[in-house]
1. Out of all the residues in segment A:95-116, which are buried (at least 19 other Cβ atoms within 10 Å of the Cβ) and closer than 12 Å to A:Val71 by Cα?
2. Suppose we filter B:Gly21, B:Gly83 for residues that are surrounded by fewer than 16 Cβ atoms within 10 Å (Cβ to Cβ), more than 14 Å from every other protein chain (Cβ to nearest Cβ) and modelled with pLDDT of 95 or more; which single one remains?
3. Could you grab me the full set of residues in segment A:123-141 that are surrounded by 20 or more Cβ atoms within 10 Å (Cβ to Cβ), more than 18 Å from B:Glu34 (Cα to Cα) and within 10 Å of chain B (Cβ to nearest Cβ)?
4. Do we have A:Val285 as over 22 Å from the mean Cα position of the chain (by Cα), part of a strand (DSSP E or B), modelled with pLDDT of 95 or more and more than 30 Å from A:Asp85 (Cα to Cα) here?
5. Which numbered condition trips up A:Gly47, out of (1) surrounded by fewer than 18 Cβ atoms within 10 Å (Cβ to Cβ); (2) closer than 25 Å to A:Leu142 by Cα?
6. In segment B:223-243, which residue that is surrounded by 15 or more Cβ atoms within 10 Å (Cβ to Cβ) and among the small types (Gly, Ala, Ser) is farthest from the other protein chains (Cβ to nearest Cβ)?
7. Provide a single number: the residues in segment B:41-61 that are in contact with a helix residue (DSSP H, G or I) (Cβ under 7 Å, 6 or more places away or on another chain) and either closer than 17 Å to B:Gly360 by Cα or among the aliphatic types (A, V, I, L, M) (or both).
Amino acid sequence: MSHLILAVPSKGRLQDNAMAFFARAGLPIVQARGGRGYVGHIKGLEGVEVLFLSASEIARELAGGGAHVGVTGEDLVRESIPDADKRIVMVEKLGFGYADVVVAVPEAWIDVSGMADLDDVAAGFRARHGRQLRIATKYINLTRRFFADHGVVDYRIVESLGATEGAPANGTADAIVDITTTGSTLAANALKVLADGVILKSQANLVASRQAKWTDAARRNLRTVLDRIAAEARAERVREIRFVVADLERVSTGAVAQFDARAPFGSLGEKGVLHVDASNVFAVVDWLKSEGASTITVQRLDYIFEPETTSWINVEAALP
Amino acid sequence: MSNSANTSARERFLAPFLAAGYAAVDPPVLQPAELMLDLLGEDLGRRLYLTTDAEGREWCLRPEMTLPVCRLHLVSGSHERLGAYAYHGAVFRQRQGAGVGEFTQAGAELLGRQDSEQADAEILAFALDVARRGGLACPVVRMGDAGLFRAFLGALDLTPSWRRRLSRAFGRGQLLPHTLPELSVQRKGLAKEGVLGALAGADRAGARALVEDLLAIGGLQAVGGRSVAEIADRFLEQAEDAAGGALPAATAQAIAEYLAISGPADQSVARLDALLASHRLDLGRARASLTLRLRAIEDARNGPADLVLDFGFGRRLDYYSGFVFEVEAEAAKAQPAIGGGRYDGLVTLLGAPTPVPAVGFSVWIDRLAGAGA
């Protein structure tokens, strides 16, 4: 099969955000069976097959090469894919699905504020209580790595498959490692995050598989997808300024040098076009006025396509 | 390797032990996963091969031999009897990447011997013998002493929390580079400085009651298996540490000097005694034990070896309690081929009703190329 297989989350806010993200980039995803199907396609782009899977299934499929690219959280990638950098490439942070993976202990532990305290408590735990300190989590690998980095060795992991934050209160564990976005669930369960207990600041990522079968068609399609994403992202950051001025070449060169602007269509004649960072717009306008420009307009663009897309160059270098 | 070649390698390894009255053992390959995880730690836990039986009990393929041999000792008779065991067999640890996680480990364990120094020396002599048979004409051995370091910390004027922290860092090799410098500077920016400061120097029972009341008023339930009293005690300890300031420079200096002592055994002992004399420290039984052990090692060893006594050398202290040693595979190789030591606390954790003195060593056969061949 020469299709590019794109895996996106099948439910919840993550799905809504992912669908909106692709739609903004000119890649509207159409779900089969009126939004209830588990497959779909991108309207107007042949050769891309969309699979709707849970975020953890997406991580697994990317690791095994069952999908070429997918949207999933960095937490799941780091947790569930051993040797992640050999199997996948992180293409792009998507700006949604924020979640921190943290170490949290009961608020009542007023003597514990950091990992060094937790280490001390853990080391004396068996002598005091006849068993190891227990940490409830579904992030077994992240926890082991982080605790090892902090030299904490005297603990046991209790695997938790849901409502991890309730484990200390119901006596199945002493502390937890879990994700948090606002911290309110932790607070509601009388838990606090350790000062140096943030294991990972995660968000949704576009991730490419290095294990998938990369045909020429799949590569071509991924490049199209990444071109559009980058073009939309650049259009979001940049404003286009049009103006009329007598000595266009001098003014254009000046703007490029002074404001890190770009003159995408050259500087011949007297009608100028500049692309500038959105935060610089009014500074450039004022400066153009002082240089004698008239009829200055500023507009947002939908897409700005560049000759080379950085994310594609990076991914292509990592693909087999 | 063919089966018969493997068998004969095993027989060749075991022969000297059998001649000395050791029993050759082959403990079950399947071991209870819970117990192994509990005693070996989560860090090795991620490398276990796990399986579940029909009743839902979790088992693992043995990742090392010492614990299975000790379990065998416990189930086959009184825990107090003498046990001398030698083994040579497969252990299983998952490796990153595609490599097969089956290795050959061999070694010996001595359980129940009350003459600890003699037992230490006997085990080291066997380890050296194995190293020489494995092709190291003059093995390089690094020796340390966890019991002596404990006694040293005990003799210094330290708060309990400092002693615990120094002791843990020692076993992990972090003491000189990290922990000692950290403890030598005054801790700053403690959020609890106000309360901690107010509690410092207060009568302990009264202060503890106050902290317990504070927790109760705040509605903070002692969840997660720790008691309010325990939390209060440790909180007060922090108050005392904060009031006491940094580790005194002279104490930090003494610890640094102690850890830096490394060299031929007689020279290291002389430097140790000079250090103890200058700081007027008496390590009691632990110091006497060192001399007894070194003498026993001289008597027991039966060939050339380069013995280095390094007081900064520690292995995991929750596991090893006294004499520890490593034989380097070759000067250039990072990982030791043979490691061993005394683990007096371990058999109790496996269920022995009273402590069982224990010492042993194990060999990674792959790292010691010609072993037994």
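The values are calculated or read from the model by the stated rules, or taken from the named source; none is laboratory data. Keep in mind that this is a model prediction, so the values were computed, not measured. Please note: Cβ atoms are built from the backbone with ideal geometry, for glycine as well, and neighbour counts cover all protein chains shown. Please note that ligands, DNA and RNA were not included when accessible areas were found on the heavy atoms of the full protein model with its side chains. Shrake-Rupley method; radii C 1.70, N 1.55, O 1.52, S 1.80 Å.
1. Of everything in segment A:95-116, just one residue is buried (at least 19 other Cβ atoms within 10 Å of the Cβ) and closer than 12 Å to A:Val71 by Cα, namely A:Gly97.
2. On the way: B:Gly83 fails: surrounded by fewer than 16 Cβ atoms within 10 Å (Cβ to Cβ).
Among B:Gly21, B:Gly83, only B:Gly21 is surrounded by fewer than 16 Cβ atoms within 10 Å (Cβ to Cβ), more than 14 Å from every other protein chain (Cβ to nearest Cβ) and modelled with pLDDT of 95 or more.
3. If the condition is that a residue be surrounded by 20 or more Cβ atoms within 10 Å (Cβ to Cβ), more than 18 Å from B:Glu34 (Cα to Cα) and within 10 Å of chain B (Cβ to nearest Cβ), then A:Ala123 is the only one that fits.
4. Details: over 22 Å from the mean Cα position of the chain (by Cα): yes; part of a strand (DSSP E or B): no; modelled with pLDDT of 95 or more: yes; more than 30 Å from A:Asp85 (Cα to Cα): yes.
Spelling it out, it is not the case that A:Val285 is over 22 Å from the mean Cα position of the chain (by Cα), part of a strand (DSSP E or B), modelled with pLDDT of 95 or more and more than 30 Å from A:Asp85 (Cα to Cα).
5. (2)
6. Narrowing segment B:223-243 to residues surrounded by 15 or more Cβ atoms within 10 Å (Cβ to Cβ): B:223-226, B:228, B:230-242.
Checking which are among the small types (Gly, Ala, Ser) leaves us with B:224-225, B:232, B:239, B:242.
Details: B:Gly224: 4, B:Gly225: 5, B:Ala232: 8, B:Ala239: 10, B:Ala242: 12 Å.
Looking at the filtered set, the residue picked out is B:Ala242.
7. Our first condition is that a residue be in contact with a helix residue (DSSP H, G or I) (Cβ under 7 Å, 6 or more places away or on another chain); within segment B:41-61, this holds for B:42-43, B:45-46, B:48, B:50, B:58-60.
From the residues that got through so far, the ones that are either closer than 17 Å to B:Gly360 by Cα or among the aliphatic types (A, V, I, L, M) (or both) too are B:48, B:50.
So the count comes out to 2.
Let's see how each residue does on (1) over 23 Å from B:Ser268 (Cβ atoms); (2) at pLDDT below 90; (3) over 20 Å from the mean Cα position of the chain (by Cα); (4) in the same structural domain as B:Ser262 (by TED's automatic domain parsing):
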| position | (1), (2), (3), (4) |
| --- | --- |
| B:Arg132 | yes, no, yes, yes |
| B:Arg165 | yes, yes, no, no |
| B:Arg168 | yes, yes, no, no |
| B:Val185 | yes, yes, yes, no |
